[in-house]
Amino acid sequence: MLKSKTLLIIGFVWPEPKSSAAGSRMIQLIELFLTHGYEITFGCTAQNLEFSEDLTVLGITSKTIELNSSTFDDFVNELNPNVVLFDRFMVEEQFGWRVSESCPDALKILDTEDLHCLRNARQLAVKDNREFILDDLFSDVAKREIASILRCDISLMVSEFEIELLQNQFKVSKDLLYYLPIFAKKLDDIPTYNERNDFVFIGNFLHDPNWDCVKYLSDVIWPMLHLKLPEAKMLIYGAYPSQKVLQLHKPKQNFYIMGRADDAFDVVKKAKVVLAPIRFGAGIKGKLIEAMQCGTPSVTSSIGAEAMHGNLEWNGFVKDNSNEFVDAAVLLYQDEKLWNKCQENGFEILEKYYKKSLFEVPFITQVISLLENLKLHRNNNFIGAILQHHLLSSTKYMSKWIEEKNKK
């Protein structure tokens, strides 16, 4: 039995569950640990923005922390957490060595969100107008990200495809990877086919794949689709739209940039079809899970649907060719019987792959097991210990030099 249940989460940003799937994911992790009796402190170097979640409502202690500052050492020493969760590998790079030095017995968990090196490699291929190849993966970002995974005791993965990639391409031990997807369930109030109109896309515009997707919709997909369904509208929602996004607003072509959605579920469940021609990315796509929750069929790409539906039929169509994508969107929009069948496919996917009860207890059990056997677990990951040793040796003194420089 654990004597202490103290969790420190070090966030890349303050969570915004109404702005991004990453924000929703973080709140789900917080609630999961709270349910199992953990006292939680959330620390972050970023500015707390207007749409950030009020963590005090959940009983969470919030703490603004500083980069390259020994004040963090004092803070973490006093808190003395037995579990530390890093929100993305960049945060582990910045604070992992300090946690290891101050709290060597704390279980270190990395929440990857998605595999950044995979997303970046696919983005490079799209930019170069060529097919993605495995050689694209072996980048400096991959070196940093895999090193971070190896330094941590366990890394949370939302995609089984990415687990296989890490094992097969980078030879990461399965003992360091844990599959924990986003949790989701069907909404109670689902409008019918005849109660809905129009197409919708939703996504945070700070995330490059979303901007690329909307630009592709505007330039390639919608001109063809608008000719076939001239009465239908394309509604684009998303937090933090830049000027280049707003310039795509074309009411005469029924292409509307709507900005932030106060309630993502509300706008998605009013639409007839979600369109998401995602050309690069990684992880599982929150917008497509939301579509299933709202009973809204979707048309997406193979990257969009990757690792999301196992051997079950998609809740719509998966098409990479632009002409086939448009034809599928028209068919789904006009065929009520097909639409209803695809909606049911989505509900089945949610029940089989995203139900919280499938994952909650096994995950907490794994955390307890790791805490009770931490020394053996780390001995079996000696490469991680080597990387930790060298990071401590190199980063520690660079950080202290920056701290002293900042004092002048």
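Every number in this text was worked out from the coordinates using simple rules, so none of it is lab data. Note that the structure is predicted; figures quoted are calculated from it, not measured. Because the Cβ atoms are built from the backbone with ideal geometry, glycine has one as well, and the counts that use them run over all protein chains shown.
Look at the dipole of segment 193-354 built from charges on Cβ: of S301, I284, S242, the Cα furthest out on the positive end belongs to S242. Overall, the chain carries a charge dipole of about 500 debye about its Cα centre when +1 sits on the Cβ of Lys and Arg and -1 on the Cβ of Asp and Glu, all other atoms neutral. Per the Debye formula on identical point scatterers at the alpha carbon atoms of segment 127-212, with no solvent, log10 I(q)/I(0) at q = 0.11, 0.25, 0.26 Å⁻¹ is -0.54, -1.30, -1.32.
What is the packing order of peptides 9-21, 346-358, taking the mean over residues of other C-beta atoms within 10 Å and listing the highest first? All intermediate terms of the calculation are to be shown ahead of the outcome.
Details: 9-21: 22.5, 346-358: 16.5.
Per-residue mean Cβ counts within 10 Å order the peptides as 9-21, 346-358.
What FRET efficiency would be calculated for the residue pair N80, M258, taking the C-beta separation as r and a Förster radius of 45 Å, to the nearest 0.05?
For N80 and M258, the calculated efficiency is 0.45.
For the pair E50 and H389, what calculated FRET efficiency results from E = 1/(1 + (r/R0)^6), where r is the Cβ-Cβ distance and R0 = 35 Å, to the nearest 0.05? The formula returns an efficiency of 0.25 here.
Given R0 = 25 Å, the distance between the Cβ atoms of D320 and K174 translates into a calculated FRET efficiency of 0.25.
Extension gain for the segment V57 to L246, taken as residue separation times 0.36 nm less the Cα-Cα distance, is 64.6 nm to one decimal.
Once the Cα-Cα distance is subtracted from the 0.36 nm per residue extended length, the M90 to L34 segment shows a gain of 17.7 nm. Shown in residue order for segment 326-334 are the 3J(HN,Hα) couplings computed by the Karplus curve 6.51 cos²θ - 1.76 cosθ + 1.60 at θ = phi - 60°: 5, 4, 5, 5, 5, 4, 5, 5, 9 Hz (x for Gly and Pro). Sorted from longest to shortest, the spans of the Cα atoms of segment 193-354 along the three principal axes equal 40, 31, 31 Å.
Per DSSP H run of n ≥ 4, the term is -39500 (n - 2.57); total these for the chain, divide by its residue number, and report the mean residue ellipticity at 222 nm rounded to 500 deg cm²/dmol.
Numbers: 17 runs with 187 residues, N = 408.
Per the formula, -14000 deg cm²/dmol.
Scan around I202 for amide H atoms under 5 Å from its own, H built in the peptide plane at 1.01 Å from N, and keep only partners 5 or more places away or cross-chain. It is Y237, by chain and number.
Based on the Stokes-Einstein relation at 4 °C and a viscosity of 1.567 mPa s, and on the Kirkwood radius from alpha carbon pairs, the chain is assigned a translational diffusion coefficient of 58 µm²/s.
Counting every other Cβ atom within 10 Å of each residue's Cβ, V326, V318 order from fewest to most as V318, V326.
Applying the Karplus relation 6.51 cos²θ - 1.76 cosθ + 1.60 with θ = phi - 60° to segment 63-79 yields 3J(HN,Hα) values of 9, 7, 10, 10, 6, 6, 9, 6, 4, 5, 4, 5, 4, 6, 4, 5, 5 Hz, where x marks Gly and Pro. Note on segment 361-408: Cα-Cα pairs beyond 11 Å make up 74% of the total pair count.
For Y179, the amide hydrogen comes within under 5 Å of the amide hydrogens of M157, counting only partners 5 or more places away or on other chains and with H modelled in the peptide plane. Sort out for me the Cα centre separation of segment 218-281 from segment 94-164, rounded to whole Å. Result: 31 Å between the Cα centres. Computed from backbone phi, the HN-Hα couplings of segment 8-15 come to 9, 9, 9, x, 5, 9, 6, x Hz, rounded to whole numbers (Karplus: 6.51 cos²θ - 1.76 cosθ + 1.60, θ = phi - 60°; Gly and Pro given as x). Compared with the direct C-alpha span, the chain from Y397 to D219 gains 59.1 nm at full extension, assuming 0.36 nm per residue.
Among bridges DSSP assigns within the chain, what percent are antiparallel (round to 5)? Working shown, then result.
Numbers: 1 of 42 bridges.
DSSP beta bridges in the chain are roughly 0 percent antiparallel.
The H on the amide N of S62, modeled in the peptide plane, is under 5 Å from the matching H of F42, each at least 5 residues off or on a different chain. Each peptide in 85-91, 181-187 was scored by the mean count of other Cβ atoms within 10 Å over its residues; highest first, the order is 85-91, 181-187.
From the alpha carbon centroid of segment 338-369 to that of segment 26-41 is 19 Å.
Convex hull volume per residue, computed on the Cα atoms of segment 295-408, equals 242 Å³.
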